[in-house]
Amino acid sequence: MGLITNRKEDKLVEDLLNIENIKTDFRNSDKSEIRVLDGVSIQLKRGEIIGLVGESGSGKSMTMLSALQLLPGNGKVKEGTVVLDDNGKNLLDYKPNSNAMRDVRGGRIGMIFQEPMTSLNPVMPVGEQIRESISEHLNLSKAEGKAKAIEMMEMVKIPDAADRYNEYPMQFSGGMRQRIMIAMVLAAEPDVLIADEATTALDVTTQALLLEMIKDLSVRTGISVVIVTHNLGIVARYAERIYVMYAGNIVELGDAVGIFHKPYHPYTKSLLKAIPRLDDPIDRVLVPIEGMPPSPANRPTYCAFYPRCKYAEPKCRELPKPELFEIFPDHFTACHLTLEDFVTKAKQADVSLSAVRPPKKIEDTVCIEVKNVTKSFTIYKGLMKKKVAEFNAIEDISFFVRRGETLGIVGESGCGKTTLARTIMRMYEPDRGEINIFGTDISKMKPKELVPYRKNMAMVFQDPSSSLDPRKTAGESVAEPMIIHKIYDDPAEMSDRVDELFTLVGLDPMMRDRFPHNFSGGQRQRIGVARALASNPSILLLDEPISALDVSIQAQVINLLEDLQSKMGLAYLFIAHDLAVVKHISDKILVMYLGRVMEEASSEDLYRDPIHPYTQALLSAVPIADPVIERQRSFIELQGEVPSVINRAKGCPFCNRCRYATEQCFAECPQATDRGGGHMVACFNK
Amino acid sequence: MGKYLLKRLGQMVIVVFVVTLLTFFLVDMVPGDIVYNAAGRDDLTQEEYDQIYYELNLDKSTASRYVIWLKNLLSGNLGYSYVYRRPVWDMLKEKIPTTLYLSFLAMLISVPLGVLFGSISAIRRKKPSDTIITLIANICNCLPQFWIGIMLMLFFSFRHNWLPSVGFGWPARVGWERHIKTIIMPVICVALGGIAGFTRQSRSAMLEVIRQDYIRTARSKGLSNAAVNMKHMVRNGLIPIVTILGSRLARILSGSMIVENVFSIPGMGLMAMTSINNKDIPAIQAIVLISTIVACLAFILTDVLYVLVDPRISLDGSAD
């Protein structure tokens, strides 16, 4: 540790950073101004980890950028104070690029951003980027700076740090780049670390590893941490106090247990009811928050949550925006409802909310059966396209899905989820294996022969904005599969069917003539679902269908999918990296790692009794949105990172990261064996 | 890197070969009897006519004349000028350095100035200085070079007699003072379009870089504006600029050939003009060929520079 001074001893309960009543405006191109932050206050004590949660557009990042005077050119802080060390000096009085401000920015308060792939300068060696921070804020010589930079790289566990000092960001993986960002920020020995969605783009095991590291550093060095995120599980696991933001305001704040166990703001309460959790009972119904957050331009003068609030009363609309008040010691909420109001309202509301999902009807008809499917890719290189390598993106995958059943496929990036989906859709031809659709093998069919089977399968894609043709109206996009498969001769009949599909997915048929950009993300995904349903398929492949959506919108789409399934008896293949969502929606789950199935079990069994070491590690990395439960869980740290599929080990794909690996694991690949009740595990030792 | 250069040189041979085809056959289609051009006079006797006719291999097919021409070319013989009765290469080797000198000087001025103006413009986006720079760059970009040359000449030479309007000379022959005086106007004239072009390109490249996440990272480190701009913005903004260096050099080369005519500078441009007027076919072919080779080399140089500014690119095809 050396140069990092151990500050834990002098951790005092003192205010370190005081952000008071920040109001920030953004100027439009037509010179009109929009208020994005409307009086946000945040207090941070020395050595404390706080969480700032909210959906996109709630202003959580803007609060931090405002405090650091890092706003883009058209943003301006109109009011408010930011005081560091309780010394009475308002940081916002300094010019953005004055020496005093720059000493604070980077020197006292460091910030890590969301996108590890683009947040580092691509043409500067990573070591130099770390050293730049050091020479800006610490009085060290060039050689000392370099030594310290290498030390920092070692601290964030970058292997061979000294040798990698001169390497460029592109030579590192996303997780490694984010470590470098952390090293860069901590190198200047700041007192506050702001992690702005710092782990959102990373795989769940890497995410947990990094957050554990940050927490550990905070404990060791006494640095205060602000975790800015939309992920309630992360704040439940790591934050001591939590600020909840909605539409440019803090709506509730309190200690972690209070926020999760006794939320008082209707927004916080609704949010917790809307997100699936890993430890949910099987029949839990998500309660989505209807509607959408208001855009900053159209925020009402009354409570911004009023239009979506299940507890709203007429007075909420008449009174001005509610201010934060202390409803319990150290627990503040911004709501007009009194405690009594709230309790009675909550009782009524909770009764109507506590619906239990009816048991699902799974029929015996097998819709799709995949047997030992393998798909390999070849890497070509050079002018003559010489074959340099061949690897199996997916290997030996088998499963079946029945009518009305949902199979969840989970795994981290690079595990072959998407290749599997594309192979099933026959965008790729598998090298080996069978893909049976209602008993007919389509794995070797020619494109023409496939046409009638394509009608039976449809796909919903991840990014609802780029998977719809921007030049087609919503109605045209939905009608397209029907035209391709020549389902209707009569245009009027088809038009009726489009209206019907719109209604089915919860969209107003009046909107069919609008273009995709007129819809919100959640609505676009509904169009995607409507399009997938147009040819009346019995199998739906959902490739990360909700990961691009905000948490309050996710529940809407999940419920829609569950509804459609029970109405139409669809078979779902649900591909996602979010284990809680997969657990919620699936009947059985396939855990993949580097192209192979590690474990397959019913979602209950998998969660209750994971057998494969990889599944165990994966589940332990997923935070649960409940601080009390979180404190009892332990996190299994995996060594290293997910290797590229090209460099997969000869034996079990997981062998070089596995705690239990033996010689046998390195030599041969374990086959999945039944551990009772269809719980399939591919492991020699467990 | 070595392997890559070999590959690129191989491609360049193909390009030059195609250009030889084009120049030879296009020039061959020029109307009029080239025997008279080659003789340089009209009053030829039949014997004289026949002699030249056979010397020029006009009795053979165009294709076989091309093969003969190509063979000569490969042995370093670019042919004889009809007009000056000298080997074309002897004439060209005096002119090539002049034209290259003018072009490189213009390039040397336009890249740093263009990047400077473009960066200022991007940093001060939507402020008056940006508007002015962009406006001037746009105007300069569309003004024809010969017109700028004439205007400069009118003002500096004829009205004020500050600079000589013609008479380029190397410093060894005419002395540094005279040399500099004679090249100021031609160089400005050639460089102006280049400066304007680089300003526009740099501005958009820098604007693209400014909104990147790593610029925000650099600012969040507490770096000064100067450090952010120099170390992070310009370095990245240069990458797209480097890609256009080659094509810009080719344009500057052609620009200086026009400007040579305005200022009567004895370079390839002036020679090209006279050769075209005189239908001096071997000279025209040689000039086109040499220009092609220079342009090709410029493009290869660009690719090499690209590796130097962008560590993500490696020339052996293993790019990220």
query = If only one of B:PRO186, B:PRO266 is more than 14 Å from chain A (Cβ to nearest Cβ) and not in a helix (DSSP H, G or I), which one is it?
reply = B:PRO266
note = Just one listed residue, out of A:SER620, A:SER566, is assigned to a helix (DSSP H, G or I), polar (S, T, N, Q) and farther than 27 Å from A:ASN656 by Cβ, and it is A:SER566
inquiry  = Taking the criterion of being away from every other protein chain (no Cβ under 14 Å), assigned to a helix (DSSP H, G or I), out of contact with any Cys (no Cβ under 8 Å at 6 or more places or on another chain) and exposed (fewer than 15 other Cβ atoms within 10 Å of the Cβ), would at least one residue in segment A:129-141 satisfy it?
reply    = no
inquiry  = Go through segment A:394-413 and report how many residues are assigned to a loop (DSSP other than H, G, I, E, B) and open to solvent by 50 Å² or more (accessible area, probe 1.4 Å).
reply    = 2
task = Please work out if A:MET170 is at the interface with chain B (Cβ under 8 Å from one of its Cβ atoms), on the phi < 0 side of the Ramachandran plot, assigned to a helix (DSSP H, G or I) and open to solvent by 10 Å² or more (accessible area, probe 1.4 Å).
result = yes
inquiry  = Condition check: open to solvent by less than 20 Å² (accessible area, probe 1.4 Å) and assigned to a helix (DSSP H, G or I). Does A:VAL529 satisfy that?
reply    = yes
Every residue from segment A:456-477 that is in contact (Cβ under 8 Å) with a residue 60 or more places away in the chain, under 13 Å from A:ARG531 (Cβ atoms) and open to solvent by 60 Å² or more (accessible area, probe 1.4 Å) = A:PHE461
query = Is it the case that segment A:586-597 has a residue that's of a type outside the set (Phe, Trp, Tyr) and part of a helix (DSSP H, G or I)?
reply = no
query = Since A:LEU186 meets every condition but one in (1) at pLDDT below 90; (2) within 14 Å of chain B (Cβ to nearest Cβ); (3) surrounded by 21 or more Cβ atoms within 10 Å (Cβ to Cβ), which condition does it not meet?
reply = (1)
request  = Just give me the residues in segment A:670-686 being more than 32 Å from the chain's Cα centre (by Cα) and open to solvent by less than 40 Å² (accessible area, probe 1.4 Å), in sequence order.
outcome  = none
inquiry  = I'd like the residue in segment A:381-393 that is within 14 Å of another protein chain (Cβ to nearest Cβ) and part of a strand (DSSP E or B) and, out of all such residues, is farthest from the chain's Cα centre (by Cα).
reply    = A:LYS386
message = So for segment A:420-429 (the condition being closer than 30 Å to A:PHE515 by Cα, out of contact with any Gly (no Cβ under 7 Å at 6 or more places or on another chain), open to solvent by 60 Å² or more (accessible area, probe 1.4 Å) and not hydroxyl-bearing (Ser, Thr, Tyr)), does at least one residue qualify?
response = yes
Residue list for segment A:110-122, restricted to those being in contact (Cβ under 8 Å) with a residue 40 or more places away in the chain and either in contact with a Phe, Trp or Tyr (Cβ under 7 Å, 6 or more places away or on another chain) or open to solvent by 40 Å² or more (accessible area, probe 1.4 Å) (or both) = A:GLN114, A:GLU115, A:MET117, A:SER119, A:LEU120, A:ASN121, A:PRO122
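One residue is enough: does segment A:539-549 have a residue meeting the conditions under 26 Å from A:TYR246 (Cα atoms) and of a type in the set (Gly, Ala, Ser)?
Taking segment A:539-549 as the starting set, the residues that turn out to be under 26 Å from A:TYR246 (Cα atoms) are A:544-549.
Adding the requirement that they be of a type in the set (Gly, Ala, Ser) leaves A:547-548.
Yes, there is a match, as at least one residue in segment A:539-549 is under 26 Å from A:TYR246 (Cα atoms) and of a type in the set (Gly, Ala, Ser).
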key: Those residues of segment A:142-167 which are open to solvent by less than 60 Å² (accessible area, probe 1.4 Å) and either acidic (Asp, Glu) or not in a helix (DSSP H, G or I) (or both), in sequence order   = A:GLU151, A:VAL156, A:ILE158, A:TYR165, A:GLU167
key: Of residues in segment B:208-226 being of a type outside the set (S, T, N, Q), part of a helix (DSSP H, G or I) and surrounded by fewer than 18 Cβ atoms within 10 Å (Cβ to Cβ), the one nearest to the other protein chains (Cβ to nearest Cβ)   = B:ASP213
task = List every residue pair whose Cβ atoms lie under 6 Å apart, where the two residues are 6 or more positions apart in sequence or sit on different chains, the first residue falls within segment A:484-496 and is closer than 16 Å to A:PRO509 by Cβ, and the second residue, located anywhere, is at pLDDT below 90.
result = A:MET494/A:TYR488
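Are any of the residues in segment B:297-308 closer than 19 Å to B:THR20 by Cα and either touching a His at 6+ places or on another chain (Cβ under 8 Å) or open to solvent by less than 20 Å² (accessible area, probe 1.4 Å) (or both)?
Taking every residue of segment B:297-308 in turn, at least one turns out to be closer than 19 Å to B:THR20 by Cα and either touching a His at 6+ places or on another chain (Cβ under 8 Å) or open to solvent by less than 20 Å² (accessible area, probe 1.4 Å) (or both).
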ask   = Scanning for something closer than 20 Å to B:ASN277 by Cβ, in contact with a strand residue (DSSP E or B) (Cβ under 9 Å, 6 or more places away or on another chain) and surrounded by fewer than 12 Cβ atoms within 10 Å (Cβ to Cβ), does segment B:69-86 turn up at least one residue?
value = yes
inquiry  = For segment A:637-686, which positions are assigned to a helix (DSSP H, G or I) and either in the same structural domain as A:CYS415 (by TED's automatic domain parsing) or under 17 Å from A:ILE394 (Cβ atoms) (or both)?
reply    = A:VAL645, A:ILE646, A:ASN647
query = For A:ASP203, which of the numbered conditions (1) in contact with a helix residue (DSSP H, G or I) (Cβ under 7 Å, 6 or more places away or on another chain); (2) more than 8 Å from chain B (Cβ to nearest Cβ); (3) closer than 26 Å to A:GLU55 by Cα; (4) open to solvent by 20 Å² or more (accessible area, probe 1.4 Å) fails to hold?
reply = (1)
note = Within segment B:112-165, of all residues that are of a type in the set (Val, Ile, Thr) and in contact with a Leu (Cβ under 8 Å, 6 or more places away or on another chain), the one modelled with the highest pLDDT is B:VAL115
task = Answer yes or no as to whether B:THR243 is surrounded by 20 or more Cβ atoms within 10 Å (Cβ to Cβ), more than 28 Å from B:VAL166 (Cβ to Cβ) and either within 14 Å of chain A (Cβ to nearest Cβ) or in contact (Cβ under 8 Å) with a residue 40 or more places away in the chain (or both).
result = no
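The values are calculated or read from the model by the stated rules, or taken from the named source; none is laboratory data. Remember, predicted model here, so these are calculated numbers, not experimental data. A quick note on method: Cβ atoms are made from the backbone with ideal geometry, for glycine too, and the neighbour counts reach across all protein chains shown. With ligands, DNA and RNA removed, areas are computed over all heavy atoms of the protein, side chains included. Shrake-Rupley method; radii C 1.70, N 1.55, O 1.52, S 1.80 Å.
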